[in-house]
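Presented below is the structure to which this report refers.
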Amino acid sequence: MKSAHSFSPQVYARVGGIAYLVIIVFGLLGEMFVRNSLIVSGNAAATANNIAASSGLWRAGIAGDLIMHICDVILMVVFYVLLKPVNRNLALMAVLFNVVQTSVLVSNKMNLLMPTFLLNGAGYLKAYSLEQLQAYSYLFLRAHGYGFGVGLIFFGCTCVLLGYLIIKSGYFPKWIGVLMQIAGICYLFNSFSLILAPKFADQLFPFILLPPFVGELSLCICLIVKGVNMEKWNEKTA
């Protein structure tokens, strides 16, 4: 059996870049194409009708999110392998923050599944009025939004650590590390604003998430196109 050190860091970089691209694509599709097209802000009845009429699309969005989280695990391993030569303990801490983030977001998918149970017309739901079922469904969607924000607190910590390790590595561009640290700060600021001052958070969204998008996309492209500077890598791991 080959050890992790038997594979070139370039292989890890390419695999990580592809996994990151899948995360970005499925994340955008799930949020913008599925949820944004079906959820009507402040209108439980319209939202419930949209989900009931497009249950296949809604479920596909959830499945896409789960594929995204599978790729999260792949990316955790890649970043640990590529960044542990810089600082093993910080690389491990970044992984642990990311594990918490992914665990929260995977569990949070139940909030997206609950409307499909509440709106499927099952006989045992006759104890509730239509308006109640619609309201409960919308409440679960609201809970999902907050659950997503909680998860991003831990991902924000991951980004700050990854940014630091990238800057110190020498075999990745420093400017990408800076962008990742900015991304982490934006995630943290956005999520804590959502919890502490929801109305203020509404004014920040979606602009507060533009720097993270730029930072993560830049890192993704770097991993796929450029990979690791092997000369600097060999110096670091000698």
Reported set for the stretch 193-208 where residues are exposed (fewer than 15 other Cβ atoms within 10 Å of the Cβ) and either touching a residue at least 12 places away in the same chain (Cβ under 8 Å) or part of a helix (DSSP H, G or I) (or both) is ILE195, LEU196, PRO198, LYS199, PHE200, ASP202, GLN203, PHE205, PHE207
Condition check for VAL22: surrounded by fewer than 21 Cβ atoms within 10 Å (Cβ to Cβ), in contact with a helix residue (DSSP H, G or I) (Cβ under 8 Å, 6 or more places away or on another chain), under 27 Å from VAL150 (Cβ atoms) and of a type outside the set (Ser, Thr, Tyr):
yes
Just name the residue that is modelled with the highest pLDDT out of those in the stretch 1-20 that are polar (S, T, N, Q) and outside any helix (DSSP H, G or I).
SER8
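Condition check ((1) free of Cβ contacts under 8 Å to residues at least 12 places away in the same chain; (2) hydroxyl-bearing (Ser, Thr, Tyr); (3) closer than 26 Å to ALA63 by Cβ) across all residues:
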residue	(1), (2), (3)
VAL99	no, no, yes
PRO115	no, no, yes
LEU118	no, no, yes
GLY123	yes, no, no
TYR128	yes, yes, no
LEU162	no, no, no
With respect to LYS84, is the statement that it is buried (at least 16 other Cβ atoms within 10 Å of the Cβ) and without any contact (Cβ under 8 Å) to a residue 12 or more places away in the chain true?
yes
Would you pick out the residues in the stretch 95-139 that are closer than 29 Å to ILE70 by Cα and in a loop (DSSP other than H, G, I, E, B)?
LEU119, ASN120
Please state which of the following conditions VAL34 fails to meet, knowing it meets all the rest: (1) surrounded by fewer than 20 Cβ atoms within 10 Å (Cβ to Cβ); (2) under 22 Å from THR116 (Cβ atoms); (3) not hydroxyl-bearing (Ser, Thr, Tyr).
(1)
Of all residues making up the stretch 69-102, the number that are hydrophobic (A, V, I, L, M, F, W, C) and in contact with a Gly (Cβ under 6 Å, 6 or more places away or on another chain)
2
With the requirement that a residue be of a type outside the set (A, V, I, L, M) and not in a helix (DSSP H, G or I), what does the stretch 21-53 give you?
SER41, GLY42, ASN43
Go through the residues of the stretch 173-185 one by one and say whether even a single one is surrounded by 15 or more Cβ atoms within 10 Å (Cβ to Cβ) and over 23 Å from MET76 (Cβ atoms).
no
Hey, among LEU141, LEU162, which residue is surrounded by 15 or more Cβ atoms within 10 Å (Cβ to Cβ), among the hydrophobic types (A, V, I, L, M, F, W, C) and farther than 16 Å from GLU31 by Cβ?
LEU162
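The values are calculated or read from the model by the stated rules, or taken from the named source; none is laboratory data. Just so it is clear, the model here is predicted, and its values are computed rather than measured. Neighbour counts run over all protein chains shown; Cβ positions are idealised from the backbone, glycine included.
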